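Encoded as structure tokens, the structure appears first; notes follow it.
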Amino acid sequence: MTETHGVDPTPTPLALLLLGREADPNSERGVECPGDLPAASDPDLVDRARAAKAALGDRVFILGHHYQRDEVIEFADVTGDSFKLARDAAARPEAEYIVFCGVHFMAESADILTGDDQQVVLPDLAAGCSMADMATAEQVAECWDVLTDAGIADVTVPVSYMNSSADIKAFTGKHGGTICTSSNAQRALEWAFEQGQKVLFLPDQHLGRNTAVRDLGLSLDDCVLYNPHKPNGGLTAEQLRDAKMILWRGHCSVHGRFSVDSVNDVRERIPGVTVLVHPECKYEVVAAADMVGSTEYIIKALDAAEPGSKWAIGTELNLVRRLAKAHPDKEIVFLDRTVCFCSTMNRIDLPHLVWALESLVEGRVPNVITVDAETEKYAKAALDRMLALP
């Protein structure tokens, strides 16, 4: 359990045409666009943030996830995906305070990997992750009981995506499984199938399915979808015994809204465009794209791209905008016509960051994220197995 204490694309025919307020009837539930981009914060806060950070010096280390808005990234000591940032924090033992500009599960991972004398601060406790919330400890324990009753628990290895709570990571570690990122999911699944006959993949069904079918050569028929809101996951014991991949019914609220129509539409609007999407997108979207890869892969692909090339990127909007600004010699657009950002990630704005830093300057440590010892033990075991992957 976790304790908590107290370049802008211009709307042109070739880029982003609508600002929010759209719902796609073909999207998964919970992936409606949250609306307009958040307004920029009061510029006076920039000076306050600089002053507070300077006053804290090496005592504070600020982590900025790629999906954060620019006004927050400006003050980050390092940027990256969730696991890279947690490891960066662990590599800075001299920092008393780790301020994680990301979401709750990321701060938990940082607490697991950092020293007991370091405190991890999340500037806004409301910054959660809808995907991580789609798998609770109670639901996963019940799922394991279902697998046990079907006679397959002893040949099933849990593999949990980094985008999961500490409780789910601990469940994974306790049952001999490993954690994965979108970059090493193939290696994690290969390892898991060396340990057992089946994989229970949590909590993102799309990353699990895309990796199993595209990278490991399994078929869609080898995959079944476990729905925690239905008795026995909505599956028969025979379906579970026949399956190789048992996918949890979870998804990312941002990546889940991209559709094949989005891909077809951008190809019509921008001849010669390369469509590059994140593996959290639906299987049919990944199949229709030209390239697929993790956040770090997307960044490196754009860095290496030829000047004048055209790209439609299927991932979080703040990163796409930042890439477009960084590469003015390339045409980079958001894959969907509707501008859509990660609403929970954007809760970490400059006012919250300034409040957290100024609180530290005043000697108060706000919003500390602490993972209890038992959960940390098993979650770290799962993380360590991932680090040991070849």
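The values are calculated or read from the model by the stated rules, or taken from the named source; none is laboratory data. None of the values given here were measured: they were computed from a predicted structure. Note that we place each Cβ from the backbone using ideal geometry, even for glycine, and neighbour counts take in every protein chain shown. Ligands, DNA and RNA are excluded from the accessible area calculation, which covers all protein heavy atoms including side chains. Shrake-Rupley method; radii C 1.70, N 1.55, O 1.52, S 1.80 Å.
A few comments on the model shown:
- Residue within the range 122-138 that is in contact with a Pro (Cβ under 7 Å, 6 or more places away or on another chain) and open to solvent by 40 Å² or more (accessible area, probe 1.4 Å) present: yes
- Considering the range 274-289, and only residues there that are within 26 Å of GLN68 (Cα to Cα) and more than 19 Å from the chain's Cα centre (by Cα), the residue that is most open to solvent (accessible area, probe 1.4 Å) turns out to be THR274.
- Tally of residues being part of a strand (DSSP E or B) and touching an Asp or Glu at 6+ places or on another chain (Cβ under 6 Å) across the range 256-309: 2
- Listed conditions (1) within 17 Å of SER253 (Cα to Cα); (2) open to solvent by 10 Å² or more (accessible area, probe 1.4 Å) are all met by GLU316, apart from (2).
- Where ALA110 falls short, out of the listed (1) assigned to a helix (DSSP H, G or I); (2) of a type outside the set (Val, Ile, Thr); (3) modelled with pLDDT under 90; (4) more than 22 Å from TRP248 (Cβ to Cβ): (3)
- Beta carbons closer than 7 Å, at least 6 apart along the sequence or on distinct chains, pair a first residue in the range 227-255 that is more than 14 Å from LEU147 (Cα to Cα) with a second that is open to solvent by 30 Å² or more (accessible area, probe 1.4 Å) and of a type outside the set (D, E, K, R) for ARG249/LEU225; GLY250/MET134; SER253/GLY30; SER253/SER130.
- Checking each residue in the range 57-99 for being open to solvent by less than 30 Å² (accessible area, probe 1.4 Å), at pLDDT 95 or above and over 20 Å from LEU317 (Cα atoms) picks out VAL60, PHE61, ILE62, ALA95, TYR97, ILE98, VAL99.
- For the range 257-273, the set of residues classified as more than 9 Å from ALA312 (Cβ to Cβ) and open to solvent by less than 10 Å² (accessible area, probe 1.4 Å) consists of ARG257, PHE258, listed by residue number.
- Residue within the range 233-250 that is open to solvent by less than 70 Å² (accessible area, probe 1.4 Å), under 24 Å from GLU296 (Cα atoms), in a loop (DSSP other than H, G, I, E, B) and in contact with a Ser or Thr (Cβ under 8 Å, 6 or more places away or on another chain) present: no
- ALA379 being touching a helix residue (DSSP H, G or I) at 6+ places or on another chain (Cβ under 6 Å), crowded, with 16+ Cβ neighbours inside 10 Å and closer than 26 Å to GLY177 by Cβ: yes
- Matching residues in the range 319-341 - criterion: being acidic (Asp, Glu) and either surrounded by fewer than 22 Cβ atoms within 10 Å (Cβ to Cβ) or modelled with pLDDT of 95 or more (or both): ASP329, GLU331
- When VAL103, VAL159, VAL199, VAL155 are screened for being open to solvent by less than 20 Å² (accessible area, probe 1.4 Å) and either over 17 Å from the mean Cα position of the chain (by Cα) or of a type in the set (Gly, Ala, Ser) (or both), only VAL199 passes.
- As a summary of the residue check, PRO390 satisfies the conditions (1) at pLDDT 95 or above; (2) not in a helix (DSSP H, G or I) except for the one numbered (1).
- Condition met for THR344 (of a type in the set (Ser, Thr, Tyr), open to solvent by 20 Å² or more (accessible area, probe 1.4 Å) and modelled with pLDDT under 95): yes
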